[in-house]
Amino acid sequence: ALKRMYLWTTVYKNELSLFLSKISSINTFNADLVKKINALISQKHIVKSEFKKVQQEFQLYIKTSNERNELSIKLQENLKYLGYTVSSNTHSNNMTLYQQLSQGEIVYLDTDIEAYKIMVKLNKDMGFSIRFTKMVATQHEVDNISSYQRQKDQENAKKWCNNYDKLCQLLKQHNINVHDKLRQEPETVDIAYMINENLVAKKSETEKAEQYLRKINE
């Protein structure tokens, strides 16, 4: 009986080591699961029920990761079809949308108007948060938005809401059903204004270029 237990413990530990190897290759690193696996490997003997419990958790983790990876691929493809592309990021040029999201990055999608972006974030429950945002250079701009500009921002946000509905329909065609946990319409909540300090330098360069052109025309 002891020999049999020793042999099965060896088999289980080999399997658990393979689990760790697989987890390390996936971007959605599950520290809690890794801790459980290491704790089991450190035991002198492993019984079948202990192994099975961790194995089931590992299989669910892999299944969920694969599903979210597939969803992010379809999400990116269909957003591109609607005219949205992932904003360039020097640290993420060779990474997929899901890889960026799973590492905790907030990804911004470009719209047809440069100032407006679609913010995408992966939540702890593996769901997506998607929000229409506007990039501004300073907090002063946020604090002094005119009623006309707010109305214009709201109109652009409504266009995004229409495209979001189209996106959900496109995903449905790929057998991916999107369920909204919380949906806020532009009529009930302001869009998010995000401060991008790089816009200060860009704005300054644009103003210099405009002044230069005016001098030439004079």
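Filtering region 45-76 to residues that are under 23 Å from Leu97 (Cβ atoms) and touching a Ser or Thr at 6+ places or on another chain (Cβ under 9 Å) leaves Tyr61, Thr64, Ser65, Arg68, Asn69, Ser72, Ile73, Gln76. Inside region 30-62, residues that are without any contact (Cβ under 8 Å) to a residue 12 or more places away in the chain and under 20 Å from Gly104 (Cα atoms) make up a count of 2. Taken over region 66-99, the criterion of being outside any loop (DSSP other than H, G, I, E, B) and modelled with pLDDT under 75 is satisfied by Val86, Leu97, Tyr98, Gln99. Of all residues assigned to region 42-58, at least one qualifies as being more than 30 Å from Val178 (Cβ to Cβ), among the small types (Gly, Ala, Ser) and open to solvent by 70 Å² or more (accessible area, probe 1.4 Å).
Applying the criterion of being of a type in the set (Ser, Thr, Tyr) and at pLDDT 80 or above to the residues of region 162-218, the residue that is most open to solvent (accessible area, probe 1.4 Å) is Thr188.
Within region 151-187, work out how many residues are part of a helix (DSSP H, G or I) and not hydroxyl-bearing (Ser, Thr, Tyr).
Here the count works out to 22.
The values are calculated or read from the model by the stated rules, or taken from the named source; none is laboratory data. These numbers come from a predicted model, not from an experiment. Every residue, glycine among them, receives a Cβ derived from its backbone with ideal geometry; neighbour counts consider all protein chains shown. Heads up: the accessible areas ignore ligands, DNA and RNA and are worked out on the full protein's heavy atoms, side chains in. Shrake-Rupley method; radii C 1.70, N 1.55, O 1.52, S 1.80 Å.
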